[in-house]
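One structure is given here, and the rest of the page talks about it.
The values are calculated or read from the model by the stated rules, or taken from the named source; none is laboratory data. Here the structure is a predicted model, which is why all the values come from computation and not from measurement. Neighbour counts are summed over all protein chains in view; Cβ atoms, including those assigned to glycine, are modelled from backbone coordinates with ideal geometry. Just the protein is used for accessible areas: all its heavy atoms, side chains included, with ligands, DNA and RNA removed. Shrake-Rupley method; radii C 1.70, N 1.55, O 1.52, S 1.80 Å.
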Number of protein chains: 2
Amino acid sequence: MMLAPLRVGIAGLGTVGGSVLRRLHAQRTALGQRTGRDIVVTAVSARDRAKPRGMDVGALHWFDDPVVLATSDQIDLFVELMGGSEGPAKVAVEAALQAGKPVVTANKALLAHHGMALAELAEAKHAALAFEASVAGGIPIVKTLREGLAGNQVERVQGILNGTCNYILTRMEAEGLSFGDCLVEAQRLGYAEADPTFDVDGFDTAHKLAILTTLAFGVALDIEALHIEGIRSITPADLAAADELGYRIKLLGVAQRVGARVDGRVHPTMVPKSTALAQVGGVTNAVTIFADAVRELTLIGPGAGGEATASAVVADIADIARGIRSAPLGLPVTALGAAATLPVSEHEGGFYIRLSVRDTPGAVAAIAARMAERSISFESIVQRHPPRHGPDPSDVVPVVLVTYRTVESALRDALDAVVADGYIAELPQVIRIERE
Amino acid sequence: MMLAPLRVGIAGLGTVGGSVLRRLHAQRTALGQRTGRDIVVTAVSARDRAKPRGMDVGALHWFDDPVVLATSDQIDLFVELMGGSEGPAKVAVEAALQAGKPVVTANKALLAHHGMALAELAEAKHAALAFEASVAGGIPIVKTLREGLAGNQVERVQGILNGTCNYILTRMEAEGLSFGDCLVEAQRLGYAEADPTFDVDGFDTAHKLAILTTLAFGVALDIEALHIEGIRSITPADLAAADELGYRIKLLGVAQRVGARVDGRVHPTMVPKSTALAQVGGVTNAVTIFADAVRELTLIGPGAGGEATASAVVADIADIARGIRSAPLGLPVTALGAAATLPVSEHEGGFYIRLSVRDTPGAVAAIAARMAERSISFESIVQRHPPRHGPDPSDVVPVVLVTYRTVESALRDALDAVVADGYIAELPQVIRIERE
């Protein structure tokens with residue numbers, strides 16, 4: 001019993017769009033057998049009609065305006081691969097859903113900023129809205145959270161969601177190089193943009209974490225609720241100290257359930273070397289889910305690249321061809337809880353602290369006292385370069401502290417007091433720890 | 001638009017069945033919202049009605065005969081958790097499908113031996129047949145291969161699919177203990193059965209690999225096509241040599257496409273320490289998929305246990321509630337290719353060889369010559385305990401060789417010649433290597 005062909009329209013024929021086009025063509029027979037429905041690209045929209053794309057696009061209907069394509073009678077499914085949270089991508093996706101056409105997109109910014117409204121529209125029109133490619137490229141993490149772990153209560157999800165940052169941190173650790181040097185290298189290799197802000201300051205990770213948080217915990221999608229820090233402040237000294245203490249430093253997106261609230265954060269994180277995430281190097285992405293039934297599940301794979309992203313786009317198209325119906329955000333929008341946020345000041349965990357302490361008698365004792373006043377205790381204290389010939393106040397000694405579980409506000413108060421005491425020469429470096 | 005409730009009948013209320021029962025009950029609201037359909041267990045079948053199961057089963061319809069449950073008007077979906085490739089499990093699953101009822105099972109033996117016939121029946125009756133729990137417990141590997149990677153051509157799938165073996169090998173490596181000692185320990189901890197044959201001789205892994213091979217390559221399910229070896233022959237000396245060479249030893253199920261044929265094998269395997277699989281210790285399972293679009297994707301999680309297995313069973317039930325329709329084996333049974341098998345003699349790869357060489361002059365040179373005659377060359381040669389005072393023919397010297405890529409039959413021929421030459425005191429130990 002073969003259904004009518006599924007006619008696909010693709011807006012955006014860049015690296016990913018070209019891969020999707022070629023892959024749907026090359027896998028057409030297998031996809032038809034897998035889904036019970038012939039899947040065929042009938043129409044496209046892109047800026048440059050003449051650009052080489054590795055296959056003949058002459059027979060396809062060509063639309064100059066992606067919004068016209070989105071609502072065209074020529075297509076049954078609209079694939080948005082233009083990018084951008086506003087403008088044509090948003091207008092075209094809205095138009096397609098409004099017309100009751102299912103949409104597949106790789107656009108994390110669009111989802112992170114307008115996911116709730118788009119999901120609501122998709123539900124109202126009984127049209128699918130699929131976005132596997134928007135998080136962690138070729139890793140099927142959306143499907144895993146939405147379907148594979150449907151019987152679980154998720155407790156925490158954390159991941160390496162930005163290949164640029166993981167590449168830079170991996171190189172800094174391996175070579176002892178500075179952030180700046182590794183950024184330049186990453187830019188030369190095409191792993192980082194000319195303006196790297198979006199990646200290295202954590203915003204890209206935050207977009208993806210916002211989506212994962214909603215899928216994992218059934219709360220409203222709200223990127224504003226996340227605490228966001230990037231990796232610019234990480235130094236070779238931090239990576240060396242982490243190594244000595246048995247940790248690695250990764251830019252993680254972390255979201256965990258704390259009572260009725262969600263603690264959502266993007267920041268450089270110390271993770272024990274024995275964890276699966278610590279062992280993920282280079283541009284590779286990885287996500288670990290902690291949940292009541294599976295306990296711990298980790299997925300490791302490519303987070304970007306045309307072919308890997310196309311893999312996720314084609315899987316979404318195949319699911320729609322199969323007739324899979326799920327609420328886009330896992331639960332119906334009306335069933336998503338308000339995103340009650342745990343402020344980062346209330347976050348509880350271990351902390352790594354690197355201080356540049358003036359080499360005066362009693363300095364370390366005074367610092368320890370400031371911590372003890374707030375009941376902060378230490379797993380380890382490493383004074384890495386002890387003075388050779390007695391204290392010298394013009395010298396600065398690096399001191400590394402690792403705390404046991406403590407509330408972040410108590411730690412910040414203690415460090416403010418340490419700064420006010422005048423024993424340290426630079427502002428403290430603080431890196432949060434996730435112990436599993 | 002809420003559909004009618006999905007009435008579930010469960011046959012088998014052991015560890016997994018009890019977990020499924022409790023989990024469906026605890027997650028009922030969330031599952032209803034996720035799937036758009038209320039999911040409710042209405043009937044069960046188990047041996048002992050009085051056994052405590054952590055919740056009241058008094059209100060459920062109780063069937064003494066699982067086959068009667070399978071076709072009962074009281075249920076819309078049959079969950080088979082009795083186990084066994086023959087007998088009541090098989091008869092009940094056939095009866096449910098014959099009656100057009102969807103089936104969820106965790107029964108790898110049933111699938112491995114009768115998967116083709118059952119899938120054919122399911123297709124003919126337009127009834128779902130889902131078995132996520134049959135491979136790698138809580139890891140959603142069936143969903144990933146069948147749906148998540150639908151747009152990929154899979155080249156290789158390999159995994160740690162048996163927690164018992166991985167536990168034993170991890171302990172042997174960490175403690176330098178023998179296979180026998182670690183097996184006893186695993187039995188004491190409940191990780192191994194009193195009769196461990198099914199696990200340690202590779203049959204359990206083979207059942208799972210047979211299923212993965214069909215899903216990955218679209219070939220007929222055929223457990224007879226697999227080459228199967230277990231881990232009884234592995235010694236602390238092999239683990240120590242592996243460590244020195246930068247490898248770990250894991251019992252892997254490996255299936256790879258070689259031209260139009262499939263090379264499917266279960267055996268102890270040396271994997272570089274840097275790979276994701278090498279880093280998986282204890283009873284944890286893991287699967288790595290190599291495919292044209294995602295390149296490399298690894299999933300790590302719990303391979304057994306009531307809750308983890310129940311997670312997979314509940315996900316299958318939720319998919320059926322959502323109305324997901326897929327061919328049980330990925331492709332329709334009629335579209336599955338014949339399983340053209342690459343005989344293990346034609347397998348190509350690297351090999352680790354440990355020889356107990358009599359300490360006579362020229363022995364190693366003679367062995368190397370036997371290899372060279374067949375164009376076998378070496379990545380490394382380690383003679384680990386060189387004699388102290390010149391050769392002594394009553395001594396036996398362990399020699400470890402690691403070959404470059406070679407055809408297995410050539411290697412076996414060379415080793416036969418080495419044995420015939422009389423230079424070695426024991427039969428050679430041979431372990432295949434997977435270099436990524």
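When the range B:159-183 is limited to residues that are open to solvent by less than 10 Å² (accessible area, probe 1.4 Å) and within 14 Å of another protein chain (Cβ to nearest Cβ), the one that is farthest from A:Gly137 (Cα to Cα) turns out to be B:Ile160.
Picking from B:Leu299, B:Leu329, which residue would you name as being within 12 Å of chain A (Cβ to nearest Cβ), in a strand (DSSP E or B) and surrounded by 24 or more Cβ atoms within 10 Å (Cβ to Cβ)? Among B:Leu299, B:Leu329, only B:Leu299 is within 12 Å of chain A (Cβ to nearest Cβ), in a strand (DSSP E or B) and surrounded by 24 or more Cβ atoms within 10 Å (Cβ to Cβ). Checking each residue in the range B:212-245 for being more than 30 Å from B:Glu132 (Cβ to Cβ) and open to solvent by 30 Å² or more (accessible area, probe 1.4 Å) picks out B:Arg232, B:Ser233, B:Thr235, B:Pro236, B:Ala237, B:Ala240, B:Asp243, B:Glu244, B:Leu245. When the range A:302-317 is filtered for residues that are facing chain B (nearest Cβ under 7 Å) and assigned to a helix (DSSP H, G or I), the ones remaining, listed by number, are A:Glu307, A:Ala308, A:Ala310, A:Ser311, A:Val314, A:Ala315. Of the candidates B:Ile320, B:Ile367, the single residue that is assigned to a helix (DSSP H, G or I), within 30 Å of B:Ile249 (Cα to Cα) and open to solvent by less than 40 Å² (accessible area, probe 1.4 Å) is B:Ile367. Quick check: anything in the range A:106-120 crowded, with 24+ Cβ neighbours inside 10 Å, within 14 Å of chain B (Cβ to nearest Cβ) and farther than 20 Å from A:Glu307 by Cα? Yes - at least one qualifying residue is present in the range A:106-120. When B:Thr29 is tested against (1) in contact with a Lys or Arg (Cβ under 6 Å, 6 or more places away or on another chain); (2) surrounded by fewer than 23 Cβ atoms within 10 Å (Cβ to Cβ); (3) among the polar types (S, T, N, Q), only condition (1) is not met.
The set of residues in the range B:18-46 that are closer than 14 Å to B:Glu80 by Cα and away from every other protein chain (no Cβ under 14 Å) comprises B:Ala43, B:Val44, B:Ser45, B:Ala46. For the range A:396-436, a residue qualifies if it is of a type in the set (Asp, Glu) and not in a helix (DSSP H, G or I), and the qualifying residues are A:Glu426, A:Glu434, A:Glu436.
Residue-level check: of (1) in contact (Cβ under 8 Å) with a residue 24 or more places away in the chain; (2) within 24 Å of A:Leu251 (Cα to Cα); (3) open to solvent by 50 Å² or more (accessible area, probe 1.4 Å), A:Ser380 misses just (3).
When the range A:139-151 is filtered for residues that are open to solvent by less than 10 Å² (accessible area, probe 1.4 Å), closer than 24 Å to A:Ala260 by Cα and within 9 Å of another protein chain (Cβ to nearest Cβ), the ones remaining, listed by number, are A:Thr144, A:Glu147, A:Gly148, A:Leu149, A:Ala150, A:Gly151. Could we say that B:Ala278 is out of contact with any Lys or Arg (no Cβ under 9 Å at 6 or more places or on another chain) and surrounded by fewer than 24 Cβ atoms within 10 Å (Cβ to Cβ) here? So B:Ala278 does not fit the description; no.
A:Gly84 meets all of the listed conditions (1) outside any helix (DSSP H, G or I); (2) in contact with a His (Cβ under 7 Å, 6 or more places away or on another chain) but one, namely (2). Take the residues of the range B:23-77 that are touching a Gly at 6+ places or on another chain (Cβ under 6 Å) and under 16 Å from B:Ala11 (Cβ atoms): which is modelled with the lowest pLDDT? Here the answer is B:Arg53. Is it the case that A:Asp359 is without any contact (Cβ under 8 Å) to a residue 40 or more places away in the chain and in contact with a strand residue (DSSP E or B) (Cβ under 7 Å, 6 or more places away or on another chain)? It is true that A:Asp359 is without any contact (Cβ under 8 Å) to a residue 40 or more places away in the chain and in contact with a strand residue (DSSP E or B) (Cβ under 7 Å, 6 or more places away or on another chain). Taken together, the residues in the range A:180-228 that are more than 15 Å from the chain's Cα centre (by Cα) and without any contact (Cβ under 8 Å) to a residue 60 or more places away in the chain amount to 16. Against the condition surrounded by fewer than 24 Cβ atoms within 10 Å (Cβ to Cβ), part of a helix (DSSP H, G or I) and either within 11 Å of chain B (Cβ to nearest Cβ) or over 15 Å from the mean Cα position of the chain (by Cα) (or both), how does A:Thr334 come out, does it pass? Judged against the criteria, A:Thr334 is a match. Just one residue in the set B:Glu80, B:Glu94 is more than 14 Å from every other protein chain (Cβ to nearest Cβ), open to solvent by less than 10 Å² (accessible area, probe 1.4 Å) and of a type outside the set (A, V, I, L, M, F, W, C); that residue is B:Glu80.
Looking only at residues that are open to solvent by less than 20 Å² (accessible area, probe 1.4 Å) and not small (Gly, Ala, Ser) in the range A:302-317, which one is nearest to the chain's Cα centre (by Cα)? Among them, the one singled out is A:Thr309. Of the listed requirements (1) open to solvent by less than 10 Å² (accessible area, probe 1.4 Å); (2) more than 14 Å from chain A (Cβ to nearest Cβ), B:Val262 misses just one: (1). In the range B:396-407, the residues that are farther than 10 Å from B:Gly350 by Cα form Cβ pairs under 7 Å with partners that are open to solvent by 10 Å² or more (accessible area, probe 1.4 Å) and small (Gly, Ala, Ser), at six or more places apart or across chains, as follows: B:Val396/B:Ser356; B:Val396/B:Ala425; B:Pro398/B:Ala237; B:Pro398/B:Ser356.
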